[in-house]
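The values are calculated or read from the model by the stated rules, or taken from the named source; none is laboratory data. In this text, all values refer to a predicted model and were calculated from it rather than measured experimentally. Counting neighbours? That spans all protein chains shown, and the Cβs are built from the backbone with ideal geometry, glycine included. Note: accessible area is taken over every heavy atom of the protein model, side chains too, but ligands, DNA and RNA are not part of it. Shrake-Rupley method; radii C 1.70, N 1.55, O 1.52, S 1.80 Å.
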Amino acid sequence: MAEYKLTTPLSEDDVRKLRVGDAVFLSGVVYTARDSAHKRLVEMLKRGEELPFDLEGSVIYYVGPAPAPPGKPIGSAGPTTSYRMDAYSPTLIANGQRGMIGKGARGDEVVEAMKKYGAVYFAATGGAAALIAKSIKEAEVIAFPELMSEAVRKLVVEDFPVIVAQDSYGGNMFKEGIEKYKID
Amino acid sequence: MRKISTEQVTEAVAKLCMDANYYIPEDVRRRIEEMRDAEESPVGKEILRQILENQEIAAEEKMPLCQDTGFTVVYAEIGQEVHFDGDIKEAISKGVAKGYTDGYLRKSILIDPLKRSPNSGDNTPPVIWFDLVPGDKVKITIAPKGGGSENMSRTKMLRPSDGVEGFKNFVVQSVVEAGGNPCPPVIVGVGVGGTFDKCAFLAKKALLRNIGERNKDPFYAEIEEELLERINKSGVGPMGLGGRTTALEVFIEQYPLHIATFPAAVNLNCHAARHKEIVI
């Protein structure tokens with residue numbers, strides 16, 4: 001298990017060197033989107049409309065943050081469960097998305113897209129929301145403000161701690177980790 | 001009759017909403033520390049370390065432990081000799097709105113379940129469970145319930161022939177198949193008996209018990225311990241990435257049942273096992 005510091009946007013080379021279990025500290029711009037925003041982004045792509053941000057090399061963080069208290073860029077901001085985005089991620093990956101941050105395992109349709117186009121799925125610690133908020137330096141709503149906590153935000157992060165949970169070769173820590181520690 | 005002002009209830013509920021979201025119960029923190037020390041997976045150990053550090057930051061900075069500050073579940077035990085000077089349901093709801101607004105907590109409630117909109121804007125309405133008890137006191141417990149762990153919860157009408165083993169397997173499977181989704185290490189609330197709805201209610205109410213507090217019936221206490229051991233042998237581990245720490249506790253609540261039925265329910269709570277109570 002290696003340790004990497006990576007800055008977004010990610011290239012295919014960045015993604016292809018990552019393997020399950022690697023610890024990554026992410027810096028740069030990360031976009032937020034949850035279920036409703038994903039649905040809208042995919043619909044916009046289908047209609048041929050321009051998205052609110054450039055998908056090429058992008059990393060999307062599945063989070064609906066708590067409101068920012070006075071003097072802070074953002075409130076607590078931990079990951080939400082990722083399988084709810086499985087229906088939409090393959091389309092976004094086919095259009096340039098390279099990274100996803102969430103919690104819990106991804107389905108086969110996402111894994112196939114990750115292998116084919118070169119994308120990686122990072123796990124952040126669910127519930128470590130106040131800790132993660134410390135690595136978020138700036139936050140700005142850039143689309144769908146009516147979705148409130150589910151709006152698309154542009155975050156600037158510094159050394160956001162994540163783990164490679166599923167890599168671009170089909171490696172899956174949710175399976176491998178459990179097999180390793182299972183006692184029959 | 002003892003008179004209690006609804007305004008006092010509103011203020012108390014607002015404070016409980018904030019405190020429940022900022023401060024992890026001490027018993028939960030201690031159990032996570034013990035399990036971190038025993039965790040064999042390096043990734044699992046690091047995740048438990050982050051969870052503990054997060055608890056410190058949340059308390060120091062008065063930030064919610066988790067951005068998902070939940071559906072506000074309220075248990076209100078009302079003494080029979082209490083008289084309120086107004087609408088108690090409205091008073092509790094107002095308290096939730098105030099707590100979630102003043103406390104910078106996330107508003108996660110959609111008014112229409114099928115249209116999935118609009119957001120109510122202040123996290124109301126709460127789910128309120130009233131109970132009438134002897135005496136002239138009011139006990140209010142607030143338990144914010146996150147969506148991720150709620151999604152992995154199950155109710156099943158087992159067949160009486162499934163027996164105790166069938167029941168045990170249902171509980172273990174529910175936790176193992178949920179994998180990393182409910183944010184393990186989880187607390188496993190189990191209801192058995194009663195009706196379809198009563199059983200699910202018991203599973204949720206079980207989550208309020210203190211870590212280490214066993215079922216008063218030794219038969220059920222033993223099953224709790226056995227299930228906890230089986231779940232922690234599953235290998236799911238912190239956040240489902242592998243390890244020995246999958247559940248912090250298993251709590252079973254039982255109720256008499258109809259001769260033809262065998263309802264069982266599993267309500268999972270993430271490691272941010274939040275609840276706070278006050279007696280007025």
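Hey, which lysines would be in cross-link range of A:Lys154, C-alpha to C-alpha under 24 Å, not counting anything within fewer than 8 residues on its own chain?
Cα-Cα hits under 24 Å: A:Lys5, A:Lys39, A:Lys46, A:Lys72, A:Lys103, A:Lys134, A:Lys137, B:Lys107.
Size of chain B along its principal axes in angstrom, Cα-based, largest extent first?
52, 50, 40
Taking the Cα centre of chain B as origin and charging only Cβ (+1 Lys, Arg; -1 Asp, Glu), how large is the dipole, in debye to the nearest 20?
With only Lys, Arg, Asp and Glu charged at Cβ, the dipole is about 580 debye.
Charges only on Cβ, +1 for Lys and Arg, -1 for Asp and Glu: so what's the dipole of region B:148-273 about the Cα centre, in debye to the nearest 20?
180
In peptide B:67-80, how many Cβ atoms from other protein chains are near each Cβ within 10 Å, on average?
Counting Cβ atoms of other protein chains within 10 Å of each residue's Cβ and averaging gives 3.
With each run of n ≥ 4 DSSP H residues scored as -39500 (n - 2.57), what mean residue ellipticity at 222 nm is computed for the protein assembly as shown after dividing by its residue count and rounding to the nearest 500 deg cm²/dmol?
-10500 deg cm²/dmol
Just the Cα atoms of region A:3-179: what Rg and Dmax do they give in Å?
Radius of gyration, then largest Cα-Cα span, for region A:3-179: 14.9, 45 Å.
Please name which of B:Thr6, B:Leu16, B:Ser41 has its Cα lying farthest along the dipole of region B:1-46 towards the positive end, using unit charges on Cβ (Lys, Arg +1; Asp, Glu -1) and the Cα centre as origin.
B:Thr6
Residues of region A:150-184 losing 40 Å² or more of accessible surface, assembly versus chain alone, probe 1.4 Å, please list them.
A:Ile163, A:Met173, A:Phe174, A:Ile178, A:Tyr181, A:Ile183
Out of every Cα pair in region B:1-63, what percent are spaced more than 17 Å from each other?
Above the 17 Å cut-off, region B:1-63 has 55 percent of its Cα pairs.
Quick one: length gained pulling A:Thr7 to A:Glu43 fully straight, 0.36 nm per residue minus the C-alpha distance?
10.1 nm
Limiting things to C-alpha atoms, what are the Rg and the maximum Cα-Cα separation (Dmax) for region A:96-184, in angstroms?
Computed over the Cα atoms of region A:96-184, radius of gyration and Dmax are 15.5, 50 Å.
Multiplying the sequence separation of B:Glu90 and B:Ile259 by 0.36 nm and subtracting their Cα-Cα distance, what value in nm do you get?
Full extension of this stretch gives 56.9 nm more.
Given a 1.4 Å probe, how much area per residue of chain A is accessible, in Å²?
40
Count of lysine pairs in region B:148-273 with Cα atoms under 21 Å apart, counting only pairs 8 or more residues apart in sequence or on different chains?
Qualifying lysine pairs in region B:148-273: 12.
To the nearest 20 debye, what charge dipole does the protein assembly as shown have about its Cα centre, counting +1 at the Cβ of each Lys and Arg and -1 at the Cβ of each Asp and Glu?
480
Would you please state the base-10 log of I(q)/I(0) at q = 0.13 1/Å for region A:24-76, with intensities from the Debye formula using one equal scatterer on every alpha carbon?
For region A:24-76 at q = 0.13 Å⁻¹, log10 I(q)/I(0) is -0.43.
Can you tell me the Rg and the Dmax, both Å, for the Cα atoms in region B:148-273?
13.3, 42
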